[in-house]
Amino acid sequence: MHLLLFNIIDQIRSLGWGGAFELLRNGIVLGSLYSLIALGYTMIYGILKLLNFAHGDVYMVGAFLGFGVLTAFGGALNPGIGLVPLIIIMFAVAMLGSGVLGVGIERFAYRPLRNAPRIAPLIAALGVSFFLENSAQLMTNGFQYNYDAFQLGGKNGNFGPLFDPVFTVAGNPVTVVQVLVVGSAVTLMAALIFLVSRTRLGKAMRATAFDQEAASMMGIDTDRVISSTFFIASVLAGAAGVMYGLYIGTTFYFMGFLAGLKAFTAAVVGGIGSIVGAMVAGVLVGLIESYAIGYVGGQWSDIVVFGILILFMIVRPTGLFGAQAIQKV
Amino acid sequence: MAEPQPSPESTQTKPLLELEGVWKSFGGLVVIDNLDLAVNENEIVSVIGPNGAGKTTLFNLITGIYPPDSGAIRLDGESLVGLPPHKIARRGAARTFQTLRLFLNMTVIENVMASQYGQTKVGIARAMLRTPGMRREEREIRARAEEKLAFFGERLMGYRWDQPAYSLSYANRRRLEIARAMATEPRILLLDEPAAGMNPSETHEITELIGKLRDDGGYTILVIEHDMHVVEGISDRVVALDHGVKIAEGTFEAVATNPRVVEAYLGTSAAVTK
Amino acid sequence: MLKKVGAVAAFAALASVLVATTAWGSAKAPARASAAAAKTIKCGKTVTIGIAYPATGPAASLGAPQFDWASYAKKRWNKSHKLKIKLVVGDTKLGDSPGLAVPVAHSFGSNGKMLAVVGPAGSQEVQDSIGIYKKAGLVAVSGSATRIFLTRAKTGNPRETPKGYFFRTVPNDGQQGDAVASWIHNKLKFKHVYIIDDEEAYSQGLANQVAADLAKFGVTAGRNHISQQQQDFSSVVTAIPANTQLVYIPWQLPGQAQTFYNQLHAAGRHAKIMGSDGTDAPGTFQPNGNGYVSGFPVDFTSSVLKSFMKAHNHQPETFGIPSYTATLVAATAISKACKAGHGKTTRAAVRKRVPKVKLSAKAGLLGFGIQFLNKNKATYQGPGDMGGTANFAIYQITSGGSYKRVG
Amino acid sequence: MSEAPGTPGVTPPPGDPTESRIGVDSWVAQAEGRRARRRGPARLLARGWEWSPDPVKLLLFVGLASTLPFWLNEGDLFNFGLFTLLYVALALGLNVVVGFAGLLDLGYVAFFGIGAYTYALLSSSHYGIHWPAEATIPISMAVAALAGLILGSASRRLLGDYLAIVTLFFLQAFAAFTNTANPTVHGVGLTGGPNGIANLDPLTFFGYKLNSTKQQYFFLVIVVAVVAAALHFINQSRTGRAFRALREDPLAAEVMSIPVNRLKLLAFVLGAAIAGLCGTIFAASFTAVTAGSFGVPLLILLYAIIILGGLGSIAGVILGGFVINISSQFLAPQNDHPDVKRWLFYGTIVLIVALMKPWYRAVLVLAATIAFGYAVHAIVSATTVATWTTGAPVAAGSRSIRDGIQGWVVMPHATATGPHVNFNTCLYIGLVVAAVTVRSLSGWWRLAALVPTLYLTAMVWENILAQNPSVTALILFGAMLIALMTVRPQGLLGTARVEIV
């Protein structure tokens, strides 16, 4: 233990400020992906009190849809259309496709269980997750598929414009794709906040989340509101999937599980049901992970992340932004 | 935990349940405001007051669901402050809930047997081996449960024992809650709106029952009630609360005609004076 | 009363079951084990070989080429031989829970027609299940279990396999580690190396071996770990010291290695990168002129390889080639045993044939002929390992993506 | 909505017969009597099950389980018998936590792992310690129980989903600890890292070794019987009632003198101890422990078992264990029963269709599907190149089945080149879409849509699923969970729970 601590200090010193910045950057980029997925968990939990275990797999499907579009246009090395329209189409198809998938999952797996005991939809969610993950394995033969995003738009297999530096801090570049990921994540989150706080649908969502029965008596079509929530949540996950593909460069049928778990963690740490909480905590989880890998070492990173989270949950069980519910008796 | 022995002469002079200067606030909102309250042995005291007066919070404070911010709560001279609810139940304070919290998927008799946990002591090791002592205690638990249910006449007897609690009607659920509270062998019963949602004949019946609980069962009773017929019919003493403050105390007539009480009920004096 | 009688009866039944178990176990257990090995099996027209590989779970992408190559071996064998072979699949779910190598071994052992097994894939799977194969008298020929001690005879290591039951058609970690380390030290003359393993048994074993060898040469080697489900390596890249000349990544998933290279490069690092046989996949792992890989000396011009790639329409995965070879070894041993037994044979007979099988470099697709050792050799090899010139080759990966053998 | 005349078994309600009885509790009480009653053997079975006393049920289980070794070979005994019982025993422990006490514990598998590792450290050459089972079993159980106590007391303030999350983190941290951290103790990695610990001793009781699968199986039969009996007794005791009360309403239970926190801890500890016991048995009969063995997939499997059987029901858990393990074992590729798989698959589909009422609809659909298949096959073979219809079914069994399938289902030749590359993907997605469509249609439209859907199902099975049996098992497992939940959320032997009335 003592030795480990010594190693950490040594590592911090040897990486210096440049390394610290790099880890910060990596953590924020990864964290904004976690945030986007966590938003889905937290919205669905908020409205249905359901932990949608299948959400991570919707994200995986989104990544594959983006890959499908890329392949349909000739692949990253030889795209048939310009870079910007290509990326826009990838996002559009992946977001729409994941959204429809999310609505379908809700309609056929969860809606019949509205009045069942709470554990039933939870198990159905596990079933959906199993189904999606293994279907993806069946379709992909278990291989990783390369977006080749690094070469996207580049000449002769060199790095494309996505990996040009936008600016550098202490010699550490921040690339276009990193700005793109964080920027679109922030845009999507801003749009979401606007939607929830300002629009009719948002009001209906909040009302349904607060009391489904009362909301339906007030003339709100709760089924439609729930469908819309699933749609929005899945759209965000789909977008995250494409961003991941562009940033990391691969998709993999198994990728939904761990990302889903981390995002789920973020949703809980943020205070499940809280939208701002999910955003902040997503970035936080990304940062913890990044610094744990950089300073403590890869083999300890999961233990550090989960250990911190266990401690956090025990000290503050309602999460960062979750309200302490007063028990009505 | 030994069952509290009915103490000798001292109870005559000392109240059984005693609250002294109890405060409770939630997020800055004072719900119970410097409340003093005493309930004597074998007495029926009613707590009345408009919605939000802090009546149910009072019960929650006594049974340990919330701790008071300050003040003392004593049962038979011993402080209850800081004890977890199950220990308070063992000391002899049992309650029912306004919003009915039965163990719905358990059978009627199981509901009553379950709440005898505090007075019984066979652990899992003996349960696993099904020792004779364990089986004897099981029989005793069952007998006591049947005895409590018998208090309610035919309504909770016979074939009803083995039916799930959710199959009971509303009135019978209220009765079962009382039986369940009785099974913890309390010294004081806290009944939270026992007549709520009942029709006139059932209300009449419950009024009689509460009297019987005191007379035949020997319980001391603190009751929250909105129905003034019931309050009039059962109370030795009435305490009126408004915004956590005790605004009146005394006989039913005295309290019901108290101007502050009338005012607290928003001028609907008709409701108070029938 | 009824309950009491019932309870007493239940306990009596339990007790009698216990007694029965005792009597049965002590009498029959040892006798049955050798019976399975000696049982006569008719060869008929088709003989059965089991193939144990990870078909599902996180390592499924490793299992797929192994199965494809083994199936290809079956196809080619059946085209040119009268005695056909049939593959029975066993899914060991490497890395998933619960690991199924042991149940698969039990199933194979009880399959009355089975004569030999290709696999298991992972070294720890071999170590977990070899006892069961031994009991059933089955021989296991693995195309990917490379841990050294599996084949070291009588060195007292608890991970040693019983002699004559386990064979492999890959050179082991010791050979690969030596080849890699001496190449880094002697040819590249690098002084600062960073080693990252993927926390799987294969990867850790190889990484430890290379680290130990490099330490002997006085080369400093940093160490880090990633997980097999990880795909964002940017923070791992950050942790690599700036003066690092070569990053050694003995991983199992070539896709991961390629992603790692891209991220390393995107972060502005210029260290070379070196993979192992796990990442030896010319279609996937293409570090653009900055990489090396240690792999099987495959003859890329071979017509068999070309027709495989055509038939399977996916990138030229070479990780599965030793499973092809292993299938041929098993099939050859069985056919010889069947011939010797005039259409009948036993598992024991097949098992004894395996060490005598010899394949030419051309037939085996690997750049060396197959012949098995009978005793310990040099520092690392032992019975079950291949003798002769079997070793890993070092490839440089050119900027065009083709592999050029350099060592 | 009037009451059916002459409902037996319940005394008729008193009072005026013209009075409305809906909602009156005597009316509610007779709900059982009014329910449509089963007929024939199903009813006899249900009656017999309800009436037989509990020791008889236990004897029935032990009796049936004990016959297994006489008609299964060693491999099947291991996979079908030993595995099932191991899952049953594990699920019984999980049932204490989830079913009895209503705590959503997602870290349960970690205790199983702790038990297994404890055994591995105490009975192997890893540290050269070879203690006998009579010592290691209590120690493993105690260590697992202690871990349960620690996790339980750390998270005793947490409820519901929060508890689920903390326990899931615990499992992940345990997996990371055993697989990757592997701290060095006495010069040896404590957990062996990803290699795990191999060559464990067999369970040895007072010098007597349980070497063979049969011995281990019988030992496990005894363990399951004893654990089931003990849990049954606990369930019937005051502790069991307190657990149920706690599950129903923790606050009311606390107020009714039940020490809720201590009981939660007790449930955790009890579950963990059983998991620890299973861990030792698992480690000993696998002769090895590997970090990967204790992860989320196993957890999901166990949850599936207890939920399929019916939460809180001991008999249900045993039944659930049998159904889940045996069905997934049949689908596992190494259990080489080619015909069984195919018959199981088509049989299930025909059975589901046959349950349709009235009967002539079922016949119509089946006949139409068969005709549809021949028509499609004829059209495809007449209009396209030969490779579309020359594929061969995998492991078809007898020649006639093989020919029948080949002439009915469109099966492209199994080369993944040319126009067939995306055929399977399109087929699969098409089936999912078709199934969803059938689900949302009604009446004759549904019947009409059912015909091509059934045919697509057969095509997907022959072209994709039968070729990838291991993945198929998992896909069908997921689909089964969804279907079961929508059809019968309380599980097979569970009683429907009422949450809000």
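The values are calculated or read from the model by the stated rules, or taken from the named source; none is laboratory data. As the structure is a prediction and not an experimental result, all values here were calculated from the model. With ideal geometry, Cβ positions are generated from the backbone for all residues, glycine too; neighbour counts draw on all protein chains shown. When the accessible area is computed, the model is the full protein with side chains, heavy atoms only, and any ligands, DNA or RNA have been set aside. Shrake-Rupley method; radii C 1.70, N 1.55, O 1.52, S 1.80 Å.
Considering only C:K82, C:K191, C:K42, the mean-square fluctuation computed in a Gaussian network model of chain C, springs between alpha carbons under 10 angstrom, is largest for C:K82. Figure note: D:L64, B:L80, D:L58 ranked by solvent-accessible area, largest first, 1.4 Å probe, ligands and nucleic acids not counted: D:L64, D:L58, B:L80.
Hydrodynamic analysis of the range C:112-216 uses the Kirkwood radius over alpha carbon pairs. Inserted into Stokes-Einstein at 37 °C and 0.692 mPa s, it gives a translational diffusion coefficient of 220 µm²/s. With Cα atoms as the point set, chain B shows a radius of gyration and Dmax of 19.1, 65 Å.
Output the relative contact order of chain B, whole-number percent, from Cα pairs under 8 angstrom with separation of 6+ residues. Reported as a whole number, the value is 25 percent. Candidates A:L36, D:L331, A:Q144 compared by Cα position along the dipole of the protein assembly as shown: farthest toward the positive end lies D:L331, with charges placed on Cβ.
By the equivalent-ellipsoid construction on the alpha carbon gyration tensor, the range D:277-344 comes out with semi-axes of 22, 20, 11 Å, ordered largest to smallest. GNM remark for chain A: springs join alpha carbons under 10 Å apart, and the peak mean-square fluctuation among A:T187, A:T222, A:T250 falls on A:T187. At a temperature of 25 °C and a viscosity of 0.890 mPa s, determine how fast the range C:41-144 diffuses translationally according to Stokes-Einstein, using the Kirkwood radius over alpha-carbon pairs as Rh; express D in µm²/s, rounded to the nearest whole number. After rounding, the answer is 179 µm²/s.
Helical runs assigned H by DSSP (4 residues or longer) give chain A a calculated mean residue ellipticity at 222 nm of -24000 deg cm²/dmol, each run adding -39500 (n - 2.57) before division by the residue total. For the range A:117-199, trypsin sites (Lys or Arg not before Pro) are listed when DSSP marks them as loop and at most 11 other Cβ atoms sit within 10 Å of their Cβ; the list is A:K155.
Of the peptides B:125-138, D:447-460, the order by per-residue mean of other Cβ atoms within 10 Å, starting with the highest, comes out as D:447-460, B:125-138. Enclosing the Cα atoms of the range A:23-315 in their convex hull gives a volume equal to 143 cubic angstrom per residue. How big is the Cα convex hull of the range B:125-263 in projection, averaged over all directions, in nm²? If you wrap the Cα atoms of the range B:125-263 in a convex hull and average its projections, you get 11.2 nm². The alpha carbon centroids of the range D:155-222 and the range D:315-379 are separated by 38 Å.
Residue by residue along D:79-88, Cβ atoms of other protein chains within 10 Å of the local Cβ number 2 on average. Just need log10 I(q)/I(0) for the range B:102-185 at q = 0.10 Å⁻¹, Debye formula, equal scatterers on the alpha-carbon atoms, no solvent, rounded to two decimals. Log10 of I(q)/I(0), two decimals: -0.24.
Please give me the summed charge of the neighbours of D:A435: other residues whose Cβ is under 15 Å from its Cβ, Lys and Arg +1, Asp and Glu -1.
Around D:A435, the charge tally is +3.
Given q = 0.07 Å⁻¹, what are the Debye log10 I(q)/I(0) values for the protein assembly as shown, with equal point scatterers placed on the Cα positions and solvent ignored? Debye curve over Cα of the protein assembly as shown, log10 I(q)/I(0) at q = 0.07 Å⁻¹: -0.86. Its residue count N sets the reference 2.2 N^0.38 Å, and the alpha-carbon radius of gyration of chain C equals 1.09 times that reference. Sorting the Cα pairs of the range A:214-301 by distance into bins of 10 Å, from 0 upward, gives 14, 35, 33, 12, 5, 1 percent per bin.
The Cβ shell under 15 Å around A:I308 holds other residues with a net charge of 0, Lys and Arg each +1, Asp and Glu each -1. Which residue fluctuates the most in chain B, going by a Gaussian network model with Cα springs under 10 Å, if the choices are B:S235, B:S70, B:S115? Maximum among the listed residues: B:S70. With pairing defined as another cysteine C-beta under 4.7 Å, the cysteines of the protein assembly as shown that fail it are D:C278, D:C426. Packing order of peptides A:143-152, C:359-368, D:229-238, highest average first: A:143-152, D:229-238, C:359-368 (average count of other Cβ atoms within 10 Å over each peptide's residues).
Peptide B:126-138 shows a mean partner chain C-beta count of 3 within 10 Å per residue C-beta. Beyond 25 Å, what share of the Cα-Cα pairs of the range D:51-331 remains, rounded to the nearest whole percent? Here the long-distance tail beyond 25 Å is 45 percent of all Cα pairs in the range D:51-331. When C:W69, C:W183, A:W17, B:W23 are compared by accessible area of protein heavy atoms, the largest-first order is A:W17, B:W23, C:W183, C:W69, using a 1.4 Å probe. Radius of gyration (Cα atoms) of the range A:129-273, expressed as a multiple of 2.2 N^0.38 Å: 1.34.
Among C:H312, D:H186, the order of accessible area from largest down is D:H186, C:H312, computed with a 1.4 Å probe on protein heavy atoms.
Per-residue mean of foreign Cβ neighbours for C:216-226 is 2 (Cβ atoms of other chains, 10 Å radius).
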